[in-house]
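Shown next, in structure tokens, is the structure this report addresses.
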Amino acid sequence: MSDEGLERRVRKLSVEHAETRWLALRLDDDVKEIRHEVRAVQDVQTEHTARFDSVDGQLRSLTQLVGQVLERLPEAPGE
């Protein structure tokens with residue numbers, strides 16, 4: 001291989017290396033951004049889960065109250 005061919009190949013490899021480093025940095029930035037977004041979604045999901053648990057507890061309590069009221073009602077005539 002001639003010196004010129006070798007020099008051209010080294011330049012090409014240097015350019016490819018620089019492109020690879022740039023792509024790797026972009027990928028790192030994208031991963032950081034995705035992780036940040038996932039954390040935000042998890043935080044919102046935690047809030048929603050707590051709300052759903054609260055609503056579920058309130059519905060159970062209401063169901064128990066309705067059951068207690070129905071037990072206290074006098075039976076209708078003819079039953």
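The values are calculated or read from the model by the stated rules, or taken from the named source; none is laboratory data. Note that the coordinates shown come from a computational prediction; the quantities given were computed from them, not determined experimentally. Surface areas here come from the heavy atoms of the whole protein model, side chains and all, with no ligands, DNA or RNA. Shrake-Rupley method; radii C 1.70, N 1.55, O 1.52, S 1.80 Å.
Miscellaneous remarks
- Scanning the range 49-67 for residues that are under 23 Å from the mean Cα position of the chain (by Cα) and of a type in the set (S, T, N, Q) returns 49, 54.
- Of residues in the range 68-79 being outside any helix (DSSP H, G or I) and among the aliphatic types (A, V, I, L, M), the one farthest from the chain's Cα centre (by Cα): 76
- Matching entry among 70, 6 (being aliphatic (A, V, I, L, M) and either open to solvent by 100 Å² or more (accessible area, probe 1.4 Å) or modelled with pLDDT of 95 or more (or both)): 70
- Residue in the range 35-48 that is open to solvent by less than 100 Å² (accessible area, probe 1.4 Å) and more than 21 Å from the chain's Cα centre (by Cα) present: no
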